[in-house]
1. Exactly which GluC sites (Glu not before Pro) in segment 17-91 are in a DSSP loop and have at most 11 other Cβ atoms within 10 Å?
2. Across segment 76-92, in residue order, what do the Karplus-derived ³J(HN,Hα) couplings come to in whole Hz, using 6.51 cos²θ - 1.76 cosθ + 1.60 with θ = phi - 60° and x for Gly and Pro?
3. For segment 7-17, just list the computed ³J(HN,Hα) in residue order, Karplus coefficients 6.51, -1.76 and 1.60, θ = phi - 60°, integers in Hz, with x standing in for Gly and Pro.
4. Ranked highest first by average number of other Cβ atoms within 10 Å, how do 2-8, 100-106, 85-91 line up?
5. Using a Debye calculation, one point per C-alpha and no hydration shell, please list log10 I(q)/I(0) for the chain at q = 0.22 Å⁻¹ in order.
6. What list of ³J(HN,Hα) values in whole Hz, one per residue of segment 96-102 in order, does the Karplus curve 6.51 cos²θ - 1.76 cosθ + 1.60 (θ = phi - 60°) give from phi, with Gly and Pro shown as x?
Amino acid sequence: MEQTLGIIKPDAVKKNLIGKIISIIEEKGFKIRAMKMLKLREEDAKSFYFVHREKPFYNDLVKFMTSGPVVVLLLEKENAIADWRKTMGATNPAEAEEGTIRKLFAESIQNNAVHGSDSPENALIEINFFFNKIERV
Ligand code: CMP
């Protein structure tokens, strides 16, 4: 079994899409091993997206990710990292496949409804960023 970190981003939370996105997650066979709602502070978002600090979209991304609550999820299944990325669809919703979460719900390449870890190394870092041991079941 593999684990990955999912985030339901502020745009999707604002539009009352938490339930719909969690339904898709469960239908696709993921087990939710931890889950909580929180509001990132500027320093949290900056550190979570540290790898993107040189990118032109970094400041706007930090603003967006701190603009409202997010829901963070620890997801588990075989091939969880690749399967969650497939379930989310391409970063840019214009390029996302039919039926993917981003095709269904994303507003733009930035306000793209959900996040997922891109590698086993980053999944571990991102899971540890949000969840301590007693929060994981
Ligand atoms: P995410 O999968 O969370 O990883 C980095 C985030 O940066 C991405 O989703 C988008 O929200 C944002 N992002 C990536 N590329 C761009 C871009 N070209 N312009 C604006 N935002 C972007």
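Rule-based calculations on the coordinates, nothing more; no lab input. Remember, it's a predicted structure, so these values are computed and weren't measured experimentally. Methodologically, a virtual Cβ is constructed for each residue, glycine included, from the backbone with ideal geometry; neighbour enumeration extends over all protein chains shown.
1. Details: sites: GLU26, GLU27, GLU42, GLU43, GLU54, GLU76, GLU78; in loops: GLU54, GLU78.
Within segment 17-91, the qualifying GluC sites (Glu not before Pro) (loop, at most 11 other Cβ atoms within 10 Å) are GLU54, GLU78.
2. These are the phi-based 3J(HN,Hα) values: 10, 5, 5, 6, 4, 5, 5, 5, 5, 5, 5, 5, 6, x, 4, 3, 8 Hz.
3. Result, rounded to whole Hz: 10, 8, 7, x, 4, 6, 5, 4, 8, 6, 9.
4. Ranking, from highest mean packing down: 2-8, 100-106, 85-91.
5. Result of the Debye calculation: -1.60.
6. 7, 5, 3, x, 7, 4, 6
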